[in-house]
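Single-structure report; data block below.
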Amino acid sequence: MSRSQPSPQPDAAGRVYRRLWGYSAAYRGMWAAALVAMTVYAGSQTAFVYITKLITNQSFVDRDMEFVRWMPLLILGIFFVRGVADYVATYSMSWVGRQVIKRMREEVFGKFLALPTRFYDQSSSGALLSRLTFNIEQVAQAASQVLTTLFKDILTIIGLVAYMFWVSPRLSLFVLVVGPLIGVVIRNLSQRFRRYSTRIQNSMGDVTQAAEQVLEGHKVVKVFNGEAHEIAGFERVNENNRRLNMKLAGAKAASAPITQLVAAIGLSSVVFFATREDLSGGMNVGEFVSFIGAMLLIMAPLKRLTNINGPLQQGVAAGQSIFELLDAPGEDPGGDRRVARAVGHLEFRQVSFLYQAEKGQVLRGIDLVVAPGERLAIVGRSGSGKSTLVSLIPRFYDPTEGRVLLDGHDLREYRLDDLRRQVSLVSQDVKLFDDTIRANIAYGAMRDATEAEIEQAARAAHVLEFTQRFPDGLDTEVGDRGVTLSGGQRQRVAIARALLKNSPILILDEATSALDTESERHIQQALEALMANRTTLVIAHRLSTIENADRIVVMDHGRIVETGSHAELMARDGAYAALYRMQFAGDAAGAGR
Ligand SMILES: Nc1ncnc2c1ncn2[C@@H]1O[C@H](COP(=O)(O)OP(=O)(O)OP(=O)(O)O)[C@@H](O)[C@H]1O
Ligand SMILES: [Mg+2]
């Protein structure tokens, strides 16, 4: 949930492996191909060692001319088989790895959509995105590259060790004494890797987040001359990332030489042992050469096994952070009450709400009834809880105390998708998707809307007015790869979307930013069309909206402090009158409309 993850515990590592296995277990065919290929590969290594024995004894010692003629072909044949096996093994393991990546990305993306709003409040999108990209890619390294090496090399080692025992059990037993030494070194290094790689992942998230912040807020940075501050901040996380990476690089760089040194000590003692006939029990030249050959061939896979620990542990750390996300509880799906179209009667009963216990209550004891078709304006100072109040209706959050009822039933009784079908939302800052204007209007469940329905919504929301000037009309692309719409134009698209949805409840969070009179007039007309015949809760910043409302509630510090019509509230000369003089009087003076 948060970006700081604990470093993986050994039993946690086991859990991650088992779960990763769960992702790839379905691809039995590819696994089988890989296993067969790896077995063949390992066998070819042992066969090669055996051939060295034959070559030494028959070609050089016995001078067997028949064998000498066939020997080159034999060598070529072995390498050909080995090459094909290597290719098949690497390819099929990569295939499984890419499948795992794809499936995990699907699941993580699906989870992004299923998480409760609170989750997004508590985690940065940079950290979440790096799970989808960076962490999943690392898991794939564990799934394909690591397993390829692991299986193939272990099989190779088994084959070669078997050969060694066949040639000289005594000498082989001696070699086994050297083994644990290498094991200790490997263990030591692997623990270091694990520590660093978790921290590197976290610091990578910091880097992404720092960059994302300036990308999104570049205008603020420029206008407030925040460049130096941002650069200094970035330098900190960037340097931290470099430092951690260098520690990992240091551990990695030391790993190979140390392992080789240990192996060299082993090799020299084995040669000493083997050349003492009284100790080794006697070997012929071919046996000795092939035995040493087998030992040398074992060193490479052993070295790879020690190096594999880095990506392997990175994979575990990455896997853990992904599974932590996947295991985070999703949204409460609600009860099983179905509703096709609600009447639109809303009631808040003694509703209190807090985002975080430390920050205190944001809504306190709200009692409010909104009749079907009523147009309710909510006003109040910034931070008084207006947006929070309306966000309870589509259940972005649930009240911490009290209940919200739709048509007499607690919102939690309804199936969540049914409930949300009853609610349209036009927010302060409209985010359009990278798609055509038409697709943005007929978004989500409305993508099957007919041409005529979409056009009608677009006309009523005054969208056609500006799309007519585009050569592609409603099919103009917007977003990153398309045209940039103004705030007012985007809002009209959002209004068209809400019109098309035609839900019984409408929530409007009016933009505080002043629009020019022309757009304002268009938007006002579009909104009038939208608000007709539905229960509307509008967080009002425009005088015109307030004046047209059936009722106004005034919020302050999470409470409803006044309720009534504009005239009633002005007559009372309380909080509303004060707010009106502060916020809207200028509006009224300038409003010659
Ligand atoms: N996601 C959140 N997590 C934690 N606290 C929040 C969150 N959203 C809002 N708050 C806090 O809750 C309080 C009410 O915020 P809210 O957004 O409801 O105010 P508002 O009346 O809509 O203000 P504005 O008119 O500026 O939009 C504020 O103190 C705010 O800091
Ligand atoms: Mg708000």
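The values are calculated or read from the model by the stated rules, or taken from the named source; none is laboratory data. Treat the numbers as computed from the prediction; the structure is a model and nothing was measured. A quick note on method: Cβ atoms are made from the backbone with ideal geometry, for glycine too, and the neighbour counts reach across all protein chains shown.
So that you can scan it fast, the table gives a plain yes or no per residue for (1) out of contact with any His (no Cβ under 8 Å at 6 or more places or on another chain); (2) over 17 Å from S382 (Cβ atoms); (3) within 16 Å of ligand 2 (Cβ to nearest atom):
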{"residue": "Q524", "(1), (2), (3)": "yes, yes, no"}
{"residue": "L527", "(1), (2), (3)": "yes, yes, no"}
{"residue": "A532", "(1), (2), (3)": "yes, yes, no"}
{"residue": "T535", "(1), (2), (3)": "no, yes, no"}
{"residue": "I539", "(1), (2), (3)": "yes, no, yes"}
{"residue": "L543", "(1), (2), (3)": "yes, yes, no"}
{"residue": "V561", "(1), (2), (3)": "yes, no, no"}
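Got at least one residue in the range 476-487 being in a helix (DSSP H, G or I) and closer than 23 Å to A532 by Cβ? Taking every residue of the range 476-487 in turn, none turns out to be in a helix (DSSP H, G or I) and closer than 23 Å to A532 by Cβ. Every listed requirement among (1) without any contact (Cβ under 8 Å) to a residue 60 or more places away in the chain; (2) exposed (fewer than 15 other Cβ atoms within 10 Å of the Cβ); (3) more than 10 Å from ligand 2 (Cβ to nearest atom) is met by D367 save one, (1). One residue stands out in the range 250-276 among those that are in contact with a Phe, Trp or Tyr (Cβ under 7 Å, 6 or more places away or on another chain) and over 18 Å from L305 (Cβ atoms): the one that is surrounded by the fewest Cβ atoms within 10 Å (Cβ to Cβ), namely F273. Of the residues making up the range 386-401, one or more are within 13 Å of ligand 2 (Cβ to nearest atom), within 29 Å of A457 (Cβ to Cβ) and over 29 Å from the mean Cα position of the chain (by Cα).
Residues being at pLDDT 85 or above, closer than 29 Å to S24 by Cβ and not in a helix (DSSP H, G or I) are entirely absent from the range 157-180. Looking only at residues in the range 379-407 that are assigned to a loop (DSSP other than H, G, I, E, B), within 18 Å of K359 (Cβ to Cβ) and among the charged types (D, E, K, R), the one that is nearest to ligand 1 (Cβ to nearest atom) is R381. Each residue in the range 340-362 was checked for being closer than 30 Å to N502 by Cβ and part of a loop (DSSP other than H, G, I, E, B), and 6 of them qualify.
Listed by first and then second residue, the pairs linking a residue in the range 524-550 that is among the small types (G, A, S) to a residue that is at pLDDT below 80 and assigned to a helix (DSSP H, G or I), with Cβ atoms under 6 Å apart and 6 or more places separating them unless they lie on different chains, are S544/Q524. Picking from residues in the range 341-364 that are within 16 Å of P399 (Cβ to Cβ) and small (G, A, S), the one that is surrounded by the fewest Cβ atoms within 10 Å (Cβ to Cβ) is A357. The helices (runs of 4 or more DSSP H) falling completely within the range 1-119 that include 2 or more residues that are within 20 Å of Y163 (Cβ to Cβ) map to 28-54, 65-114.
Only one entry of Q313, Q361 meets the criterion of being in contact with a Phe, Trp or Tyr (Cβ under 9 Å, 6 or more places away or on another chain) and either modelled with pLDDT under 90 or within 16 Å of ligand 2 (Cβ to nearest atom) (or both), and that entry is Q313. The residues listed here are V185, V207; of these, the one that is in a helix (DSSP H, G or I) and either at pLDDT 70 or above or in contact with a Lys or Arg (Cβ under 9 Å, 6 or more places away or on another chain) (or both) is V207.
Every residue in the range 355-376 that is within 13 Å of ligand 1 (Cβ to nearest atom) and not acidic (D, E), please. Listed by number, the residues that qualify are Y355, Q356, A357, K359, G360, Q361, V362, L363, R364, I366. Restricting to the range 481-509, name every residue that is away from ligand 2 (no atom under 16 Å from the Cβ), among the charged types (D, E, K, R), in contact with a strand residue (DSSP E or B) (Cβ under 9 Å, 6 or more places away or on another chain) and more than 17 Å from R459 (Cβ to Cβ). Hit for the range 481-509 is R490, nothing else.
Here's the yes/no breakdown for (1) under 27 Å from S391 (Cβ atoms); (2) among the basic types (K, R); (3) within 16 Å of ligand 1 (Cβ to nearest atom); (4) in contact (Cβ under 8 Å) with a residue 40 or more places away in the chain:
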residue: L113; (1), (2), (3), (4): yes, no, no, no
residue: F119; (1), (2), (3), (4): yes, no, yes, yes
residue: Q122; (1), (2), (3), (4): yes, no, yes, yes
residue: R131; (1), (2), (3), (4): yes, yes, no, yes
residue: N135; (1), (2), (3), (4): no, no, no, yes
residue: Q138; (1), (2), (3), (4): no, no, no, yes
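Candidates in the range 120-165 are the residues that are surrounded by 18 or more Cβ atoms within 10 Å (Cβ to Cβ) and aromatic (F, W, Y); of these, the one that is nearest to the chain's Cα centre (by Cα) is F151. Checking S503, S519, S513, S486 one by one, the residue that is at pLDDT 80 or above and over 26 Å from R420 (Cβ atoms) is S486 and no other.
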